[in-house]
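Colleague: This is the structure I want to talk about, given as structure tokens.
The values are calculated or read from the model by the stated rules, or taken from the named source; none is laboratory data. None of these values were measured; they are calculated from a predicted model. Positions of Cβ are backbone-derived with ideal geometry, glycine not excepted, and every protein chain shown enters the neighbour counts.
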Amino acid sequence: MRFDAYRRVLALPGVLSLTVVALLIRIPATMGGITLTLHVVLGLDRGYGAAGLVSGVLTVGAAVGAPLLGRLVDRRGLRPVLVLTTSAAGVFWFAVPVLPYHGLLVAALLGGLLSIPIFSVIRQSLAALVPEEYRKAAYSVDSMSAELSFMVGPALAVLVATQVSSRVAAMLVGGCLVLAGAGLWRLNPPVRSAAEEERATPGERLRRRAWLRPRLVAVLFAGLAATIVLAGTDVGVVAVLRDAGEVGWSGLVLALWSAYSLAGGFVFGAIRHSPHPLVLAGLLGAATIPLGLATGWIGLALLLIPAGALCAPTLAAVADAVSRLVPAQARGEAMGLYGSAMTIGMALGAPLAGAVADRAGAGWSFVAVGTVGVLLALAGLAASGREARGGSWQGVPADHGLPADGPAQVATATADRQPVPTP
């Protein structure tokens, strides 16, 4: 294992500051979904079905908007996109407390379309700041940072919405997102390395079909599979513990699950050879199925260890693969597609687990989402071709799967391999 890879990555110019800022600005982003749900239920006195519809509309908007905003970053740069999306976030969240339900539905669609691309931009910037040989460690740090944000954000949103009011919670989210967007604008992390900027031809537009190849689509399947499993597990844990009369232990079990993920991500970033992300996604799904055997919080906490340890590594592997499979000119759009895959997975996983738990029993929710994860991973492996079916995966060839149509295209697809300074 190469634990010194973390030291080398964090010593690179701009990486440590980006990591710290990423942890802070992701917290309000993770507060949004639960805040909107609680506002519809508590503030507008509607049912959970109505709240789910608003969340669904927001999700659809975000899934559609992520690659579009990524493409805009590729073409116009980061700061204009941040000005647009930060302004939109402020307008949307400060309007939430005064909008009627049907107005909120319309606003949620627009708010989703223009969501600040925090997660995508951070991943894109890491690809620009970190040479390929250390990106796995960099994305492992990023996955662990995101895990910490998800541990803090939703809990903070529930606390404010239930102890103060959902309207105050919405305004808090809005204010924090505006600060997050402004902070990211001020930091202005690069979306391409210096070498990639030098190789870029002014006004050049890379055709989407040149980089949106089966191998990339297969990797996106891994992100979709993983998030379906993760969202379904979230619901399944609560459902199982509720049936066991131990719902009060849900917070501890979910915290342990996150801790397992952090540990797995830390180890994953240090190992020299790692499986293909689709293999990891399939293993994550397979490790989730046995959770249906749990009947209490202790058994569930123990059975979660293998699945939890695979969470952060799977997401880190997907981000690493996406960064390698596309040229710098299209990296923003590709990371946006990855974000869309994750958003869709989260939107599908929770309802699937909930529906199965209602009809067949709480334990079967794990079987359902785990099986779907395995099937999607197998489908992705089939689509990716023989390169993905190997037992070990170090990345992709230097051409990133692009056709060698000309010197300029090959040059833009070749990664910047500058040496990493040793502090």
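Colleague: Would you point out which residue out of Arg242, Arg205, Arg192, Arg186 is under 29 Å from Thr86 (Cα atoms), modelled with pLDDT of 80 or more, basic (Lys, Arg) and out of contact with any helix residue (DSSP H, G or I) (no Cβ under 6 Å at 6 or more places or on another chain)?
Modeller: Arg186
Colleague: I need a count of the residues in region 348-370 that are among the aliphatic types (A, V, I, L, M) and buried (at least 22 other Cβ atoms within 10 Å of the Cβ).
Modeller: So the count comes out to 7.
Colleague: Could you grab me the full set of residues in region 57-89 that are small (Gly, Ala, Ser) and either buried (at least 16 other Cβ atoms within 10 Å of the Cβ) or without any contact (Cβ under 8 Å) to a residue 40 or more places away in the chain (or both)?
Modeller: Within region 57-89, Gly61, Ala62, Ala63, Gly65, Ala66, Gly70, Ser87, Ala88, Ala89 qualify.
Colleague: Tell me the residue from Ala259, Ala225, Ala255, Ala270 that is modelled with pLDDT of 90 or more and under 20 Å from Val141 (Cα atoms), please.
Modeller: Ala259
Colleague: Among the residues of region 36-53, write down those that are buried (at least 16 other Cβ atoms within 10 Å of the Cβ) and either under 21 Å from Ser120 (Cβ atoms) or of a type in the set (Asp, Glu) (or both).
Modeller: Correct list: Leu36 only.
Colleague: For the structure I just gave you, tell me whether Leu12 is crowded, with 17+ Cβ neighbours inside 10 Å and either over 29 Å from Val141 (Cβ atoms) or assigned by TED's automatic domain parsing to the domain that holds Ala146 (or both).
Modeller: Judged against the criteria, Leu12 is a match.
Colleague: Those residues that are without any contact (Cβ under 8 Å) to a residue 24 or more places away in the chain and either closer than 13 Å to Ala294 by Cβ or assigned to a helix (DSSP H, G or I) (or both), I need them from region 219-245; list them, please.
Modeller: Within region 219-245, Val238 is the sole residue that qualifies.
Colleague: Turning to a different aspect of this structure: Could you run through region 290-308 and say how many residues are aliphatic (A, V, I, L, M) and under 14 Å from Gly361 (Cα atoms)?
Modeller: Counting residues in region 290-308 that are aliphatic (A, V, I, L, M) and under 14 Å from Gly361 (Cα atoms) gives 3.
Colleague: Give Gly292, Gly299, Gly245 a once-over and let me know the one that is surrounded by fewer than 24 Cβ atoms within 10 Å (Cβ to Cβ) and at positive phi.
Modeller: Gly245 is the lone residue from the list that is surrounded by fewer than 24 Cβ atoms within 10 Å (Cβ to Cβ) and at positive phi.
Colleague: Still on this structure, please answer the following. Find all pairs meeting these conditions: Cβ atoms under 6 angstrom apart; at least six residues apart or on different chains; first residue within region 300-317 and closer than 8 Å to Tyr260 by Cα; second residue surrounded by 24 or more Cβ atoms within 10 Å (Cβ to Cβ) and of a type in the set (Ser, Thr, Tyr).
Modeller: Filtered contacts from region 300-317: Gly308/Ser261.
Colleague: Same structure, new question: Residue by residue through region 31-46, note down the ones that are farther than 20 Å from Asp234 by Cβ, of a type in the set (A, V, I, L, M, F, W, C) and either part of a helix (DSSP H, G or I) or outside the structural domain of Trp93 (by TED's automatic domain parsing) (or both).
Modeller: Correct list: Leu42 only.
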